[in-house]
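Novice: Quick one: the structure is below, and I'll ask about it shortly.
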Amino acid sequence: MESLPEAVLIQILASIPAVELVLVCRLVCCQWKNLVDGAALWILKCQQEGLTRAEADVENWQSFYFLSKKRRNLIKNPCGEGERFQWEMVENGGDGWKIEELPGDFGKEFPSEEVHKYFVTSYEWCRKAQVIDLRAEGYWEELMDTTQPKIMVRDWYAGRSDAGCLYELCVKLLSENEDVLAEYKSETVTIPQGNDASWTEISHTFSSYGPGVRFVRFEHGGQDTLFWQGWYGARVTSSSVTMSQAQRSQAQPGRHSWGLCHPSKTESKFSRVEIHFDLGEMYIYELSL
């Protein structure tokens, strides 16, 4: 492999599964380590798997690759449609939590046709929570501590038109010992009786939160304001926690290039591999210096 041009070696390495690149190939020699840690290899893998976007100027292409592959909702059973409940009951006041079919009595359809159910609260506070283990979900310590991907939190809530209700959301980023490193807590949202029963999205993005985040604790809940027996309180559904690679704020759309210098066995002391990414196409050049 030492006699292969670096551009060819990048093409070969790009055919290897990403996890093996990081855990195995990176340990072979200094040259392979530099390639696995560099941008060119991961740009090519992103292009091969359709993960690149012409407008994206990315800080770390390796992290971008893994985060793009793993980007999914980390909340289990967000709409009450799963076979397992998956939520921890923090408070189960009144008649407790209940799952109902959309649109429900005195309710409205959800904006997405993919959502068919919701959770509904009762006449005393009902709260439920999930704790997401980031390591178990594939977000290893080095990724969380150095890249610090954006953690995007979303939730949807609504009330019945014939009853008033309250709603709250609280999300915490926790350390290994479950110390709170960052927190978002909404105000208590009051929905009056006679509202139009529309669904409202609430969201928050954690960024630059520092090293040490290992868990995300998501908690939401509500109750009705009329204290009617049954389930007249806040309705919640389609909760989500997703991870995303931060992008540079000043990107030049469409065209990006990277260069790698390495020792060459030609008459020149060094050769330079240049990777040009132009409107979705990748071009690899090896130049003598």
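The values are calculated or read from the model by the stated rules, or taken from the named source; none is laboratory data. Source: prediction; values computed, not measured. Note that we place each Cβ from the backbone using ideal geometry, even for glycine, and neighbour counts take in every protein chain shown. In case anyone asks, the SASA skips ligands and DNA or RNA and just uses the protein heavy atoms, side chains included. Shrake-Rupley method; radii C 1.70, N 1.55, O 1.52, S 1.80 Å.
Novice: Would you confirm, using the coordinates I've provided, whether R135 is of a type in the set (D, E, K, R) and either within 21 Å of T200 (Cα to Cα) or in contact with a Phe, Trp or Tyr (Cβ under 8 Å, 6 or more places away or on another chain) (or both)?
Specialist: no
Novice: Does at least one position in segment 208-216 carry a residue that is without any contact (Cβ under 8 Å) to a residue 60 or more places away in the chain, part of a strand (DSSP E or B) and open to solvent by less than 70 Å² (accessible area, probe 1.4 Å)?
Specialist: No; the residues of segment 208-216 include none that is without any contact (Cβ under 8 Å) to a residue 60 or more places away in the chain, part of a strand (DSSP E or B) and open to solvent by less than 70 Å² (accessible area, probe 1.4 Å).
Novice: In addition: Quick test for you: out of A129, A136, A39, A56, pick the one residue that is of a type outside the set (D, E, K, R) and modelled with pLDDT under 80. Outline the logic, then answer.
Specialist: Values: A129 fails: modelled with pLDDT under 80; A136 fails: modelled with pLDDT under 80; A39 fails: modelled with pLDDT under 80.
Being of a type outside the set (D, E, K, R) and modelled with pLDDT under 80 holds for just one of A129, A136, A39, A56, which is A56.
Novice: Conditions first: (1) touching a residue at least 24 places away in the same chain (Cβ under 8 Å); (2) in contact with a Leu (Cβ under 7 Å, 6 or more places away or on another chain). T188 passes all but one, so which condition is the exception?
Specialist: Result: T188 fails condition (1) only.
Novice: Starting from residues that are of a type in the set (V, I, T) and farther than 27 Å from A163 by Cβ, keep the ones in segment 95-144 and report whichever is least open to solvent (accessible area, probe 1.4 Å).
Specialist: Of everything passing the filter in segment 95-144, I132 is least open to solvent (accessible area, probe 1.4 Å).
Novice: Continuing with the same structure: For segment 25-45, which residues satisfy the criterion of being small (G, A, S) and under 17 Å from E142 (Cα atoms)?
Specialist: G38
Novice: Filter segment 95-106 for residues that are part of a strand (DSSP E or B) and free of Cβ contacts under 8 Å to residues at least 60 places away in the same chain and give the result.
Specialist: Step one: of segment 95-106, the residues part of a strand (DSSP E or B) are 98-101.
Listed by number, the residues that qualify are I99, E101.
Novice: Filter segment 163-186 down to the residues that are in a loop (DSSP other than H, G, I, E, B) and either within 24 Å of the chain's Cα centre (by Cα) or closer than 15 Å to M144 by Cβ (or both) and list them by number.
Specialist: Matches in segment 163-186: S175, E176, N177, E178, D179, S186.
Novice: Pick out the one residue from H220, H204 that is over 22 Å from H116 (Cβ atoms) and part of a strand (DSSP E or B).
Specialist: Values: H220 fails: over 22 Å from H116 (Cβ atoms).
Testing whether each residue is over 22 Å from H116 (Cβ atoms) and part of a strand (DSSP E or B) leaves just H204.
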